[in-house]
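S.K.: One structure, pasted below without further comment.
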Amino acid sequence: MREPLLLLLETATEVCSIGVARGRELLGLQESPPGQDHAAIITLYIEAVMEQAGHALAELDAIVVSDGPGSYTSLRIGAATAKGICFALQKPLLAVDTLQSLAEACKALAPGCRAYCPMIDARRMEVYTALFDEALRRLWDTQAMVLRAEMFQGVPNPVAICGSGAAKALPLFAQGGVHHISLKCSATYLIAQALNAWHRQDFQDIAYYVPMYLKPPNITIPKPRISPA
Amino acid sequence: MSVIILGIESSCDDTAAAIVQDGKVRSNCIAGQEVHRLYGGVVPEAASRAHLSHIVPVVQQAMEQAGVALHQVDAIAFTRGPGLMGSLLVGVSFAKSLALSLQRPLIEVNHLLAHVASNFADPPMPNFPMLCLTVSGGHTQIVQVDDYLDMRPLGQTLDDAAGEAFDKTGKLLGIEYPSGPLIDRLAQQGQARFAFPEPQVPGLDFSFSGLKTSILHFLQKHTAANPDFVKQNLPDICASVQHRIVTILMRKLEMAAAQTGIREVAIAGGVSANSELRRQFQQAGQRLGWKVYIPRLEYCTDNAAMIALAGYFKYLRGDFVAHDVTPMARWSMV
Ligand SMILES: Nc1ncnc2c1ncn2[C@@H]1O[C@H](COP(=O)(O)OP(=O)(O)OP(=O)(O)O)[C@@H](O)[C@H]1O
């Protein structure tokens with residue numbers, strides 16, 4: 001059977017990374033420098049990678065999004081864009097765990113580590129993170145965590161940290177045993193999990209798919225200023 | 001040859017889609033968001049999340065009701081602004097990827113221009129130049145309309161919108177959000193016997209923030225003397241506030257008509273559903289010899305039919321945008 005042709009949308013962080021792959025083979029890639037407005041470039045990048053790949057959108061087998069966690073707004077830009085293509089061309093939608101994709105990429109660069117901890121920048125000293133062992137089995141669930149020097153207590157080292165939240169974490173781990181692997185989210189890293197999902201036929205509902213937000217929206221309920229009737 | 005426009009609107013809390021064929025509305029679908037009632041206003045992050053879940057079903061419904069298939073659509077019109085950035089982004093991103101996938105042109109639409117365009121949905125068509133009072137939850141302005149797409153504001157609110165004045169009053173009275181419709185209903189059983197001061201604003205601009213403060217002081221004063229004041233006088237309070245808001249609006253609209261000599265006059269936006277505004281508007285029309293236009297209710301509150309209509313006129317002009325277009329949270333119509 002022919003390997004699937006996949007459009008890959010990675011918009012969890014400030015990098016807008018768009019790729020197209022036939023099976024494991026990357027056929028086209030466009031990545032923005034940080035700080036670019038995803039909404040301004042995403043469809044232009046899609047057009048560009050399809051041209052690099054020499055395929056029309058209609059030939060795609062599935063659209064793949066990075067599921068998060070990450071920036072709510074940029075995840076939604078990716079998801080809304082993916083839904084438009086899926087809806088217009090009747091294509092299935094696949095969602096890939098962003099942290100796991102980073103952990104896999106990290107292990108490929110630093111294969112000897114005992115644990116892998118991808119981190120995506122959240123506000124202040126918080127990151128979205130999860131921990132994986134040397135075989136990339138999940139040790140911690142995906143969560144929002146405030147960085148602490150002791151967070152890796154009891155975790156076998158060396159631990160590799162990576163992702164957009166890792167740079168601000170590094171100063172906490174001066175005692176050693178923690179390596180920083182410089183790595184940004186990329187559409188390339190979505191391929192392995194996307195193929196798994198494709199073969200499992202693990203498709204998302206195009207109408208109701210939402211990215212992994214992790215937290216409910218922040219709401220403060222205003223108090224009425226006079227006693228209500 | 002027939003022209004079919006798909007319109008998409010996501011500027012605030014409603015996700016909407018509509019089909020306009022040759023200037024006629026074929027479908028007009030909307031998914032509202034009940035969540036915000038609980039919080040007495042629109043929660044931006046909650047609104048953005050809901051748009052993402054509503055957009056596909058709403059567009060699908062608009063296509064089905066119109067009996068139109070996607071490949072028949074000639075162009076995709078979307079609200080670029082003004083509105084909530086996170087909300088707009090969902091509609092804009094979806095519209096762009098639809099346009100790319102279907103290889104159709106994209107048309108950006110200003111939400112305020114579209115409110116005015118809701119007057120072009122049904123005959124009779126207004127003659128130009130026309131004046132339009134646009135009153136909604138987010139905006140209040142008087143616009144001179146020289147052509148379908150050619151318009152400029154003559155005056156606007158310097159602070160709160162008229163709908164906001166209704167909603168904030170409702171909050172003070174413990175009426176659920178959005179409060180405009182209920183204030184309207186309660187007012188019908190009351191007398192406008194409490195006087196609130198008229199703001200002194202030069203020219204054709206509006207101000208509603210002083211009114212809000214005087215209502216607050218009025219309620220504080222009376223509830224201090226009688227804790228049940230609001231409960232005992234709710235219909236009269238509503239009638240009084242509504243009367244004041246509507247007379248503020250009408251005085252400026254009459255002034256604009258007198259200054260410009262224009263006698264084709266329209267209203268648009270969610271607050272144009274208000275029965276007192278409609279009554280005073282019709283009366284002023286008779287008294288001053290205006291030809292008046294009021295869009296159907298479903299085209300007054302946020303909707304996508306008005307986006308698709310404005311998109312239709314832009315299509316005829318070949319007024320398309322490139323794919324690097326991004327939403328504009330603030331965007332004056334000129
Ligand atoms: N019968 C009524 N009387 C007074 N106000 C009303 C009535 N019906 C609706 N409104 C008000 O209209 C507003 C909603 O209108 P609309 O849907 O046009 O506005 P919006 O989405 O808040 O703003 P915008 O169109 O500027 O983005 C609310 O403020 C609501 O209270």
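Every number in this text was worked out from the coordinates using simple rules, so none of it is lab data. Please read all numbers here as calculations on a predicted model, not as lab measurements. Neighbour counts are summed over all protein chains in view; Cβ atoms, including those assigned to glycine, are modelled from backbone coordinates with ideal geometry.
S.K.: Calculate for chain B the 222 nm mean residue ellipticity that helices alone would give, adding -39,500 (n - 2.57) per DSSP H run of length 4 or more and normalising by residue count, nearest 500 deg cm²/dmol.
M.R.: That comes out to -14500 deg cm²/dmol.
S.K.: Which whole number in µm²/s is D for chain A by Stokes-Einstein, with the Kirkwood Rh taken over Cα pairs at 10 °C and 1.306 mPa s?
M.R.: The estimated diffusion coefficient comes to 86 µm²/s.
S.K.: With springs only between Cα atoms under 10 Å, which of B:312, B:293, B:39 fluctuates most in a Gaussian network model of chain B?
M.R.: Maximum among the listed residues: B:39.
S.K.: Amide H of residue B:155: which non-local residues (sequence gap of 5 or more, or other chain) have their own amide H closer than 5 Å, using H built in the peptide plane?
M.R.: Residues meeting the criterion, in which the H sits 1.01 Å from N, are B:142.
S.K.: So how long is each side of segment B:5-78 along the principal axes, counting just the alpha-carbon atoms, biggest first, in Å?
M.R.: 40, 20, 18 Å, listed from the longest principal axis down.
S.K.: Kindly state, to the nearest 0.05, the FRET efficiency for residue B:259 paired with residue B:198, given R0 = 22 Å and r defined as their beta-carbon distance.
M.R.: Values: r = 19 Å, r/R0 = 0.86.
Efficiency, rounded to the nearest 0.05: 0.70.
S.K.: Using Cα-Cα distances under 8 Å and only pairs 6 or more residues apart, what relative contact order does chain B have, in percent?
M.R.: That works out to 26 percent.
S.K.: How far, in degrees from 0 to 90, does helix B:162-173 lean away from the longest principal axis of the Cα atoms of chain B, to the nearest 10?
M.R.: 50 degrees
S.K.: To continue, here is another question. Within segment A:143-225, list the trypsin sites (Lys or Arg not before Pro) lying in a DSSP loop whose Cβ has at most 12 other Cβ atoms in a 10 Å radius.
M.R.: Qualifying residues, ordered by number: A:148, A:225.
S.K.: By the scheme Lys and Arg +1, Asp and Glu -1, what is the net charge of all other residues having a beta-carbon under 9 Å from that of residue A:210?
M.R.: +2
S.K.: Suppose a student asked you for the relative contact order of segment A:62-172, using Cα pairs under 8 Å spaced at least 6 residues apart; what percent would you report?
M.R.: 24 percent
S.K.: Related question: Give the Debye-formula value of log10 I(q)/I(0) at each listed q (0.11, 0.22 Å⁻¹), with one equal scatterer per alpha carbon of segment A:67-175, two decimals each.
M.R.: -0.39, -1.16
S.K.: Computed over the Cα atoms of segment B:124-294, what is the convex hull's projected area averaged over all directions, in nm²?
M.R.: Computing the convex hull of the Cα atoms and averaging its projections yields 9.7 nm².
S.K.: Next question, about the same structure. Could you tell me what a quarter of the Cα convex hull surface of chain B works out to, in nm² with one decimal place?
M.R.: Projected over every direction and averaged, the Cα hull of chain B covers 16.7 nm².
S.K.: Just to confirm a number: summing +1 for Lys and Arg and -1 for Asp and Glu over residues other than residue B:80 whose beta-carbon lies under 15 angstrom from that of residue B:80, what do you get?
M.R.: -3
S.K.: Please compute the average number of Cβ atoms from other chains found within 10 Å of each residue's Cβ in peptide B:45-54.
M.R.: Across B:45-54, the average partner-chain Cβ count within 10 Å equals 5.
S.K.: Which one of A:146, B:182, B:197 is farthest out on the positive end of the charge dipole of the protein assembly as shown, using unit charges on Cβ (Lys, Arg +1; Asp, Glu -1) and the Cα centre as origin?
M.R.: B:197
S.K.: OK, next. Can you tell me, using C-alpha contacts under 8 Å and at least 6 residues apart, the relative contact order of chain A as a whole percent?
M.R.: 21 percent
S.K.: On to the next question. Tell me the Kirkwood hydrodynamic radius of the protein assembly as shown in angstroms, computed as one over the mean inverse distance between distinct C-alpha pairs.
M.R.: Working: mean 1/r = 0.0388 Å⁻¹.
Evaluated over the protein assembly as shown, this radius sits at 25.8 Å.
S.K.: If the viscosity is 1.002 mPa s and the temperature 20 °C, what translational diffusion coefficient in µm²/s does Stokes-Einstein give for segment A:1-74 when Rh comes from Kirkwood over Cα pairs?
M.R.: Answer, rounded: 171 µm²/s.
S.K.: Residue A:18: net charge of surrounding residues, Cβ under 10 Å, Lys/Arg +1, Asp/Glu -1, itself excluded?
M.R.: Around residue A:18, the charge tally is -3.
S.K.: Now for a separate question. Roughly what angle does helix B:275-288 make with the longest principal axis of chain B, taking Cα atoms, 0 to 90 degrees, to the nearest 10?
M.R.: Tilt of helix B:275-288: around 90 degrees.
S.K.: Taking the beta-carbon count within 10 Å as an exposure proxy, list A:199, B:243, B:51, B:115 from fewest neighbours to most.
M.R.: A:199, B:243, B:51, B:115
S.K.: Hey, got the dipole for chain A? About the Cα centre, +1 on K and R Cβ, -1 on D and E Cβ, debye to the nearest 20?
M.R.: 720 debye
S.K.: Right, something else. Looking only at other chains, what is the average number of their beta-carbon atoms within 10 angstrom of each beta-carbon in B:314-323? Display every interim value, and only then the final one.
M.R.: Details: counts 0, 0, 0, 0, 0, 0, 0, 0, 3, 8.
Average per residue, whole number: 1.
S.K.: Then there's this: Can you give the FRET efficiency to the nearest 0.05 for residue A:114 and residue B:61, using r as the Cβ-Cβ distance and R₀ = 41 Å?
M.R.: The calculated FRET efficiency here is 0.20.
S.K.: Calculate the FRET efficiency for residue A:157 and residue B:321 from the Cβ-Cβ distance with a Förster distance of 56 Å, rounded to the nearest 0.05.
M.R.: Between residue A:157 and residue B:321 the formula returns 0.60.
S.K.: Here is a follow-up. Could you work out how far helix B:229-260 tilts from the main Cα principal axis of chain B, as a 0 to 90 degree angle to the nearest 10?
M.R.: 60 degrees
S.K.: In chain A, which whole DSSP H runs stretch at least 15 Å along their own axis (Cα) and average -0.5 or higher on the Kyte-Doolittle scale?
M.R.: A:38-53, A:72-89, A:98-109
S.K.: Could you put A:180, B:71 in order, starting from the residue whose Cβ has the fewest other Cβ atoms within 10 Å?
M.R.: With the fewest neighbours first, A:180, B:71 line up as B:71, A:180.
S.K.: Mind scanning A:107/B:96; B:168/B:291; B:24/B:96 and naming the pairs with a C-alpha gap bigger than 28 Å? Intermediate values should be presented prior to the final figure.
M.R.: Values: A:107/B:96 36 Å; B:168/B:291 33 Å; B:24/B:96 24 Å.
Going by Cα-Cα distance, A:107/B:96; B:168/B:291 fall outside the 28 Å limit.
S.K.: Among B:326, B:213, A:142, which comes first, then next, by fewest other beta-carbon atoms within 10 Å?
M.R.: Going from least to most buried by this count: B:213, B:326, A:142.
S.K.: Moving to a separate point now. Can you tell me the dipole magnitude for the protein assembly as shown around its Cα centre, using point charges on the Cβ only (Lys, Arg +1; Asp, Glu -1), in Debye to the nearest 20?
M.R.: On the way: 46 positive and 51 negative charges, 242 e Å.
For the protein assembly as shown, the charge dipole is close to 1160 debye.
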